[in-house]
Amino acid sequence: MSDVLESLNGLIIPLAGKPLLLPNVAVAELVAYRLSQSASSGPEWFLGWTLWRDQQVPMVDLDNLLAEGAEPAAGAEPRTLILNALDGVTNLRFIGVRVWGIPRARRLTREEVEKVGEGSSYVLQRVQVAEEAGELLIPDLSAVEQALDQSGLLRRAG
């Protein structure tokens with residue numbers, strides 16, 4: 001097999017709970033945390049809307065949605081991670097996620113990643129990565145998009 005299939009450029013994303021593991025291509029940009037409109041209704045995991053590149057982007061609290069919630073580390077500053085949508089939901093191009101720090105780049109090989117548990121509603125897989133402390137979550141971004149769509153929030157914004 002080629003090197004392309006044997007390795008992945010990933011990002012370890014700090015949440016208040018367990019960190020995420022995402023491929024670089026899932027991330028559009030990391031920006032300062034601010035809401036252009038706070039949530040006045042909707043599920044607990046919906047934070048509101050942020051304005052990014054002249055677009056209203058829904059903001060999600062993955063700690064709450066993944067039920068992995070914890071208090072952020074003392075002094076941790078929230079940031080907004082803009083994720084590329086997977087094109088599964090009409091009129092949803094990006095999703096904003098509140099994160100608690102700066103993502104770290106990590107080149108991963110198959111040998112460095114080990115399954116350590118089953119997924120759940122919004123988690124595809126729980127993994128352990130060589131030389132990383134603790135479990136990492138690989139989120140099901142398609143399920144997050146569907147949750148936004150099913151909540152009716154996207155229709156209200158459009």
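Within segment 67-87, residues that are in contact (Cβ under 8 Å) with a residue 24 or more places away in the chain sit with their Cβ atoms under 6 Å from residues that are of a type in the set (Ser, Thr, Tyr), at 6+ positions apart or across chains, in these pairs: Pro78/Tyr33; Arg79/Tyr33; Thr80/Tyr33; Thr80/Thr50; Leu86/Ser142. Scan (1) basic (Lys, Arg); (2) buried (at least 16 other Cβ atoms within 10 Å of the Cβ); (3) farther than 23 Å from Leu30 by Cβ for the single condition Lys115 breaks and write down its number. So Lys115 meets the others, but not (2).
Taking each residue of segment 33-45 that is more than 13 Å from Gly152 (Cβ to Cβ) and touching a residue at least 40 places away in the same chain (Cβ under 8 Å) and looking for partners that are of a type in the set (Ser, Thr, Tyr) and surrounded by 13 or more Cβ atoms within 10 Å (Cβ to Cβ) with beta-carbon atoms closer than 9 Å, six or more apart or interchain, yields Tyr33/Thr50; Tyr33/Thr80; Arg34/Thr50; Arg34/Thr80. One residue is enough: does segment 127-142 have a residue meeting the conditions within 30 Å of Ser40 (Cβ to Cβ), assigned to a helix (DSSP H, G or I) and out of contact with any Lys or Arg (no Cβ under 6 Å at 6 or more places or on another chain)? Checked segment 127-142: at least one residue is within 30 Å of Ser40 (Cβ to Cβ), assigned to a helix (DSSP H, G or I) and out of contact with any Lys or Arg (no Cβ under 6 Å at 6 or more places or on another chain). The strands (runs of 3 or more DSSP E) found entirely in segment 42-114 that carry 1 or more residues being β-branched (Val, Ile, Thr), over 18 Å from Gln150 (Cα atoms) and modelled with pLDDT of 95 or more are 46-52, 79-84, 94-99.
The values are calculated or read from the model by the stated rules, or taken from the named source; none is laboratory data. Computed from a predicted model, the values in this text were never measured in an experiment. Here the Cβ is made from the backbone with ideal geometry for all residues, glycine too, and neighbour counts use every protein chain on show.
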